[in-house]
1. Conditions: (1) closer than 27 Å to D19 by Cβ; (2) modelled with pLDDT of 95 or more. F41 meets all but one. Number of the miss?
2. Filter the stretch 369-394 down to the residues that are open to solvent by 30 Å² or more (accessible area, probe 1.4 Å) and closer than 24 Å to E301 by Cα, then identify the one that is farthest from the chain's Cα centre (by Cα).
3. Go through the residues of the stretch 471-485 one by one and say whether even a single one is open to solvent by 60 Å² or more (accessible area, probe 1.4 Å), at pLDDT below 90, not basic (K, R) and not in a helix (DSSP H, G or I).
4. Hey, L16 hits all of (1) open to solvent by 10 Å² or more (accessible area, probe 1.4 Å); (2) under 14 Å from L145 (Cα atoms); (3) modelled with pLDDT of 95 or more but one; which does it fall short on?
5. Could you check the stretch 108-140 and list, in sequence order, the residues that are in contact with a Pro (Cβ under 7 Å, 6 or more places away or on another chain) and either under 15 Å from D196 (Cα atoms) or surrounded by 20 or more Cβ atoms within 10 Å (Cβ to Cβ) (or both)?
6. Name the residues in the stretch 233-259 that are under 20 Å from R472 (Cβ atoms), among the small types (G, A, S) and either touching a strand residue (DSSP E or B) at 6+ places or on another chain (Cβ under 6 Å) or open to solvent by 10 Å² or more (accessible area, probe 1.4 Å) (or both), would you?
7. Answer yes or no as to whether D315 is in contact (Cβ under 8 Å) with a residue 24 or more places away in the chain and of a type in the set (D, E).
8. Could you give me the residue pairs with C-beta distances under 9 Å whose first residue belongs to the stretch 82-101 and is in contact (Cβ under 8 Å) with a residue 40 or more places away in the chain and open to solvent by 10 Å² or more (accessible area, probe 1.4 Å), whose second residue is acidic (D, E) and assigned to a loop (DSSP other than H, G, I, E, B) wherever it lies, and which are 6+ apart or on separate chains?
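The values are calculated or read from the model by the stated rules, or taken from the named source; none is laboratory data. Bear in mind the structure is a predicted one, so any value in this text is a computation, not a measurement. Quick reminder, even Gly has a Cβ in these numbers, built from the backbone with ideal geometry, and neighbours come from all protein chains shown. When the accessible area is computed, the model is the full protein with side chains, heavy atoms only, and any ligands, DNA or RNA have been set aside. Shrake-Rupley method; radii C 1.70, N 1.55, O 1.52, S 1.80 Å.
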Amino acid sequence: MKDATERSGCPALVLLTEDDGIRAPLGPLTTLLARTIVDDFGDTVVVVELDGASAETLDEARVSLGAPADLDGAVARVREALPALAGRGAYIFLDASRRSGAFRRDLALLLGAVDLGAIARRCVHLTRTKTAPSLPGWSRLRTDLLAPSVDSRRGEGLRRSAAATRDLVVKEMARLTGTTPEARGESYPEARITPDFCRIRLDFASPARSSMSRWARAVTDRRVGVALGGSGSWGYAHVALIEALERAGVPIDLVGSASSGSLMGAYYVVLGRDGLELAVRRGPEFQRMAWTSVMTAAAIEHRLDVDLGRVAIEDLEILFFPVATNLTNAMPELMTRSTVGFGVRASGSAPGFFAATVADGALYVDGAVTDNVPALLLERMGAALVIAANALPPPNGERVPMPRTRSRALYDEVSLSRRAKDLIASLSLMFHDSGDVPTSGTRVLYDPPGERLALFRTFEFHKAEAILAHVRGEKELDAAVDRSVAAWNTLRSPRNAGAP
């Protein structure tokens, strides 16, 4: 993975553009975004107004170019001023908000075709259609504008459960008859995706501070992702990890997950800290959900629809990538075009235990089969720092000793109990090791200590409080959080004017 400073492309020229019809206040947004970057990271930023009576420095962080009205003249004026501006700011925000949308697009096209030396180009495009224009020479950040947050949970108690049940039955019948199939998953990107994208909720009159900070991390390539591995009830370790990261001030912008990691991740990306607390209280319900899923994995979807509502994954500000295994092509896929409940259902359909999930002619089982801790996926989706959680403890006390006598060796040769012990130890080791990922300066791994009979405790969701208390007391969790804080502090360190 490339160094964060190299990926940020400093010094960088940043231009905000928008879809026709959005009518976003690009001038104030440009200024607010620049100020957020300065406040959050201490980066040196200069906002350059394209228009103005004459070229002048308005203050230390704002310059007016007094560019001509014609396009060629404006391009020439920007090119003339950039070398000096690059020595003043790691980011140079070009405010062309007083010109038309067509003028801004043509300006970007011409600036993308000329030599700006070591200055990178970054276009931040606001859209409600999930598309961004092609701008050769520019890196692009597609910024999907989300509608105001709406609580899609209807009513309370039995009324809410009955509504979710009715909706799910109707959808299941339609799916099984093939009339309205769920969208199938998406293939993994083979490399870091271009354009990058983020999602934010912006009230143009008064943007939320948290949304602006999330946007600033995306623009400056400082996003943090957490990869939550499948581990049954041990997935409550993810709750302890996320809570500790939030207390330490480490933000979370992307969640990639498999199996129970998707379950815990879903409650967080929809409801935040309140969702984590709800997931803990739901331990007994998750236990019943697990047993019911032996007959149909629709029980997983129903539980999430009741608690979270039928929230679309594409409507989440925190990017959520539940991973499922497509058995029809033997590949991991991202369930990103469905509701949160259906995505978790597909990601958690443990083969041999739960029924598989069908979507658009594809058969899905647990994402842990092919990518239990999707750290590489998050890097490809735009995370500059990945914190991975391999929550299933390795075997401890389950190692099978060699027989000490000939008679014991003969007994072990034919003993079914010995074979069962071999199987248990092997499965425990295999499931844990499948979640190990290499670490680096931009990738941190939480790896729990060994536990005796850990594999047998993977369905003890009703012991959520006890598991959570156990994990909170681990020195391994504290060490992982400390490494995450150190990595985040490195990533968020100021980028100065003229940075390479």
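1. (1)
2. Only one residue tops the list, namely V369.
3. Going through the stretch 471-485, the residues open to solvent by 60 Å² or more (accessible area, probe 1.4 Å) turn out to be 472-473, 475, 478, 482-483.
Filter once more, so that each one left must be at pLDDT below 90: none.
Looking for residues that are open to solvent by 60 Å² or more (accessible area, probe 1.4 Å), at pLDDT below 90, not basic (K, R) and not in a helix (DSSP H, G or I), one finds none in the stretch 471-485, hence no.
4. L16 satisfies all of (1) open to solvent by 10 Å² or more (accessible area, probe 1.4 Å); (2) under 14 Å from L145 (Cα atoms); (3) modelled with pLDDT of 95 or more except (1).
5. H125, A132, R140, listed by residue number.
6. Correct list: A244, A248, G249.
7. Spelling it out, D315 is indeed in contact (Cβ under 8 Å) with a residue 24 or more places away in the chain and of a type in the set (D, E).
8. Hits for this filter: R88/E60; D95/D51; S97/D51; R98/D51; R99/D51; G101/D19; G101/D20.
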